[in-house]
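**Q** Below: one structure in structure tokens.
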Amino acid sequence: MSIAGRNKGALPSSQASIQDFRNHVSSGKAAFFEQYGMPFVMGGRDGCYLGDLEGRKRLFNLHCNGGVFNLGHRNPQLIDVLMKGFEELDIGNGHLMSKARADLAKMIAGLMPEDLDYTVFGVGGGEAVDLALKVARSYTGREKIISAKGGYHGHTGLAMAAGDEKYRAPFGPPVPGFVQVPFGNVDALAKELDGSTAAVILEPVPATLGMAVPPEGYLGAVRELCTDRGALFIVDEVQTGLGRTGRLWGFEHFGIVPDIVVLGKGLSGGIYPITATVIRKPLESVFHEDPFIHVSTFGGAEVGCLVAKRVLEISSDPEFLNHVKKLAGAFHESIARLRKKHPRFLLGLRQLGLMMGLELKDDLSGPVLSKTAYDHDLLMVYANNDPSICQLLPPLNMDLTEVDLVMERLDKALAAAKRLRPVLKIKRQVEGFVEKWKH
Ligand SMILES: Cc1ncc(COP(=O)(O)O)c(C=O)c1O
């Protein structure tokens with residue numbers, strides 16, 4: 001049958017795409033969104049807003065794909081840089097030397113403290129974390145990698161091994177040498193961190209764990225322990241980097257300098273995928289014997305480097321960072337007001353700049369609020385490893401005046417979630433009851 005023939009009698013656009021998605025991309029995701037009452041297929045997008053295919057629904061984006069859209073959707077400055085880049089360049093060739101990659105790496109070095117001078121580029125965050133862990137193992141000649149329970153570093157090989165069991169259990173035996181400790185507990189880390197430890201890897205504020213802001217002194221203590229025991233400290237800034245917290249890098253809040261910094265998501269400007277593993281100068285010796293020992297065909301694509309450079313110029317501007325701090329203040333105040341209005345449902349706010357998490361009543365509340373938020377035209381999601389927390393990651397360049405609009409919608413979403421939660425709770429109990437009787 002011809003392709004044209006197959007498309008005969010196609011359903012209206014969203015429904016047809018949902019069906020194609022179900023049949024050819026992911027039947028599970030299609031079923032999930034159907035059950036969730038979220039028949040949303042991404043369409044036109046611009047700035048803080050994400051529309052559906054038919055242009056009927058327009059969501060204010062408080063998810064931003066974990067910071068990919070820090071500078072909004074389809075930022076015109078970034079599109080301009082990309083289009084101009086295409087006049088002369090393409091992705092380039094990772095085997096050869098490149099001006100675009102050298103320029104970007106030099107800029108990153110200038111924006112990092114101390115001797116964090118070298119950058120290896122990648123395409124995805126998981127890949128960048130994998131490389132960080134490879135460098136740590138090779139440099140120290142040690143094997144053990146310590147990460148935080150409930151933290152998240154990606155779904156590739158070593159990054160996945162550093163994550164929670166639920167993400168790796170279906171895929172075969174565990175990779176040896178990986179240990180997890182509770183985030184924020186210095187004693188637990190001190191017990192594990194020994195002479196066989198190559199590195200500790202942490203997010204400054206673990207997003208998937210529920211935007212957990214570290215207890216006072218924690219990251220400083222981790223830094224000290226790593227230095228004392230000869231292990232490297234890797235900081236995963238994939239979500240916290242690039243101004244999200246009101247400073248260019250999240251680690252700056254804690255007076256520490258890591259040995260390796262991983263950047264991703266927002267570095268792409270949501271326009272061209274690119275990630276970076278930034279390492280201290282001595283660590284580059286790992287590549288001296290064979291500089292081709294690590295290769296990423298699309299890592300550090302030249303046109304992507306141009307976009308990332310512009311992202312860094314925008315994000316490191318003190319006025320931009322000041323704007324983020326002002327927005328963070330405005331969110332703080334308005335959410336405090338909402339807490340008074342919904343005291344038994346909205347229990348608190350976790351916040352470091354615009355890295356925010358709403359503390360809700362219980363594990364059912366996050367999924368329920370994500371749904372009612374969608375119904376009120378907000379895109380926000382609960383934290384995967386703690387569904388009692390709803391993540392709140394607005395674009396960093398949103399207007400201050402838009403905070404009120406977001407809060408009006410959130411207020412309504414919270415009221416609706418309070419009504420819906422008890423109904424779902426009963427449904428869950430009944431389902432559990434039926435399930436039990438089956439056995
Ligand atoms: C903190 C952190 N590290 C690493 C990753 C992995 O990035 P990617 O999905 O680009 O592989 C993510 C993705 O969500 C992340 O949030």
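The values are calculated or read from the model by the stated rules, or taken from the named source; none is laboratory data. Not measured: the values here are computed from a predicted model. For neighbour counting, all protein chains shown are included, and Cβ atoms are generated from backbone atoms with ideal geometry for every residue, glycine included. Surface areas here come from the heavy atoms of the whole protein model, side chains and all, with no ligands, DNA or RNA. Shrake-Rupley method; radii C 1.70, N 1.55, O 1.52, S 1.80 Å.
**Q** Of Val181, Ile279, Met211, whose Cα points farthest to the positive end of the dipole of the chain (charges on the beta-carbon: +1 Lys, Arg; -1 Asp, Glu; origin at the Cα centre)?
**A** Checked the options; the winner is Met211.
**Q** For Glu216 paired with Glu192, estimate the spin-label separation in nm (one decimal), with each label point 7 Å from Cα along the Cα-to-Cβ line.
**A** Distance between label points: 2.6 nm.
**Q** Let me ask something else about it. Could you tell me which of rounded, prolate or oblate describes the range 300-425, using a ≥ b ≥ c as the square roots of the eigenvalues of the alpha-carbon gyration tensor, with rounded for a/c under 1.5 and, failing that, prolate when a/b is larger than b/c and oblate otherwise? Intermediate results must be reported in sequence, preceding the final value.
**A** Working: a/c = 2.50, a/b = 1.80, b/c = 1.39.
It comes out prolate by the Cα gyration axes.
**Q** Among Val406, Asn385, Ala417, which residue has its Cα positioned farthest towards the positive end of the charge dipole of the range 378-435, with +1 placed on the Cβ of Lys and Arg, -1 on the Cβ of Asp and Glu, and the dipole taken about the Cα centre?
**A** Towards the positive end, the residue furthest out is Ala417.
**Q** Calculate the all-directions average of the projected area of the range 16-95's alpha-carbon convex hull, and give it in nm². Can you show the working numbers first?
**A** Details: hull surface 32.2 nm².
Quarter of the Cα hull surface area: 8.1 nm².
**Q** Spin-label point model (7 Å from Cα, Cβ direction): what's the Gln77 to Lys166 distance in nm?
**A** So the two model labels end up 3.9 nm from each other.
**Q** While we're looking at this one, here's another question. Rolling a 1.4 Å sphere over the protein heavy atoms, what is the accessible area per residue of the range 1-153, to the nearest Å²?
**A** Numbers: 8560 Å² over 153 residues.
About 56 Å² of surface per residue is accessible.
**Q** Mind telling me which of Gly151, Gly366, Gly255 comes out most flexible in a GNM of the chain, alpha-carbon contacts under 10 Å?
**A** Gly255
**Q** Same structure again: Sequence gap at least 6, Cα distance under 8 Å: using those rules, report the relative contact order of the chain to the nearest whole percent. Mind showing how you got there, number by number?
**A** Numbers: 832 pairs, mean separation 84.8, N = 439.
About 19 percent, as a whole number.
**Q** Could you name the lysines in cross-link range of Lys144, using Cα to Cα under 16 Å and dropping any fewer than eight places away on the same chain?
**A** By straight Cα distance, Lys144 reaches Lys134, Lys191.
**Q** So what's the angle, to the nearest 10 degrees on a 0 to 90 scale, between helix 318-341 and the longest Cα principal axis of the chain?
**A** Value to nearest ten degrees: 40.
**Q** While we're looking at this one, here's another question. Taking the Cα centre of the range 325-439 as origin, work out the dipole magnitude from +1 charges on Lys and Arg Cβ and -1 charges on Asp and Glu Cβ, in debye rounded to 20. Intermediate values should be presented prior to the final figure.
**A** Values: 20 positive and 14 negative charges, 112 e Å.
Value, rounded to 20: 540 debye.
**Q** Right, next: Can you list residues whose amide H is under 5 Å from Gly72's amide H, if they're 5+ apart or on another chain and H is modeled 1.01 Å from N?
**A** Amide H neighbours of Gly72: Leu396, Asn397.
**Q** Once you've got the Cα coordinates, tell me which of Lys371/Lys427; Lys340/Lys412; Lys57/Lys326 are over 20 Å apart.
**A** Numbers: Lys371/Lys427 16 Å; Lys340/Lys412 14 Å; Lys57/Lys326 29 Å.
Pairs exceeding the cut-off: Lys57/Lys326.
**Q** Now a separate question. Label the range 246-301 by shape, choosing from rounded, prolate and oblate, from the square roots a ≥ b ≥ c of the eigenvalues of the Cα gyration tensor; if a/c is under 1.5 it is rounded, and otherwise prolate applies when a/b is larger than b/c, oblate when it is not.
**A** Cα axes put the range 246-301 in the oblate bin.
**Q** Can you tell me the Rg and the Dmax, both Å, for the Cα atoms in the range 1-147?
**A** 21.7, 63
**Q** On C-alpha positions alone, give me the angle between the axis of helix 99-111 and the longest principal axis of the chain, in degrees, nearest 10.
**A** Roughly 90 degrees between the two axes.
**Q** Oh, and also: Report, ordered by chain and residue number, the lysines lying within cross-link reach of Lys84, taken as a straight Cα distance under 17 Å and ignoring same-chain residues fewer than 8 apart.
**A** Lys99, Lys309
**Q** As a check on your grasp of the helix formula, calculate [θ] at 222 nm for the chain: sum -39500 (n - 2.57) over DSSP H runs of n ≥ 4, divide by the residue count, round to the nearest 500. Intermediate values should be presented prior to the final figure.
**A** Details: 14 runs with 179 residues, N = 439.
Roughly -13000 deg cm²/dmol at 222 nm, from the helical runs in the chain.
**Q** Going from most exposed to least, what order do Glu289, Glu402 have by accessible area with a 1.4 Å probe? Kindly include the intermediate steps, with their values, before the conclusion.
**A** Numbers: Glu289 180, Glu402 45 Å².
Output order, biggest surface exposure first: Glu289, Glu402.
**Q** In degrees from 0 to 90, rounded to the nearest 10, what is the angle of the helix 13-24 Cα long axis to the longest principal axis of the chain?
**A** 60
**Q** Let me ask something else. Given a 10 angstrom Cα cut-off, can you work out which residue in Ile260, Ile234, Ile79 is the most mobile in a GNM of the chain?
**A** Maximum fluctuation in the GNM of the chain, among the listed residues, is at Ile79.
**Q** Pulled fully out, how much extra length does the chain show between Glu402 and Arg58, if you take 0.36 nm times their separation in residues and subtract their Cα-Cα distance? Please list the in-between numbers first.
**A** On the way: separation 344, 0.36 × 344 = 123.84 nm, distance 1.47 nm.
Length gained, Glu402 through Arg58: 122.4 nm.
**Q** With a ≥ b ≥ c taken as the square roots of the eigenvalues of the C-alpha gyration tensor of the range 60-130, please select rounded if a/c is under 1.5 and otherwise prolate if a/b is larger than b/c or oblate if it is not?
**A** On the way: a/c = 1.72, a/b = 1.19, b/c = 1.45.
Since a/c reaches 1.5 but b/c is at least a/b, the shape of the range 60-130 is classed as oblate.
**Q** I would also like to ask the following. At R0 = 25 Å, how high is the FRET efficiency between Gln429 and Phe32 if r is their beta carbon distance? Nearest 0.05 is fine. Write down the numbers at each step before the final one.
**A** Working: r = 21 Å, r/R0 = 0.85.
With R0 = 25 Å, the Cβ-Cβ based efficiency is 0.70.
**Q** Roughly speaking, what is the stretch gain from His95 to Arg229, that is 0.36 nm per residue apart minus the C-alpha to C-alpha distance, in nm to one decimal?
**A** Values: separation 134, 0.36 × 134 = 48.24 nm, distance 3.60 nm.
Between His95 and Arg229, full extension yields 44.6 nm more.
**Q** GNM, the chain, Cα, under 10 Å: largest mean-square fluctuation among Ala128, Ala207, Ala330?
**A** Checking each option, the largest mean-square fluctuation is seen for Ala330.
**Q** Follow-up question, since we're still on this one. Hey, if we sort Val186, Val307 by accessible area with the 1.4 Å probe, largest down, what's the order? Write out the running numbers ahead of the final one.
**A** Details: Val186 50, Val307 0 Å².
Output order, biggest surface exposure first: Val186, Val307.
**Q** Right, another one. Relative contact order for the range 14-71 using alpha-carbon pairs under 8 Å, separation at least 6, rounded to a whole percent?
**A** Working: 51 pairs, mean separation 12.1, N = 58.
The normalised contact order for the range 14-71 reaches 21 percent.
**Q** Can I ask one more? Along its three principal axes, how long is the chain when you only count alpha carbons? Whole Å, largest extent first please.
**A** Over the chain, Cα extents along the principal axes are 60, 56, 51 Å.
**Q** Under the 0.36 nm per residue contour assumption, what length would be gained going from the current alpha-carbon distance of Ile293 and Asp363 to full extension? Spell out each step's value before the answer.
**A** Numbers: separation 70, 0.36 × 70 = 25.20 nm, distance 4.49 nm.
My answer for the length gained is 20.7 nm.
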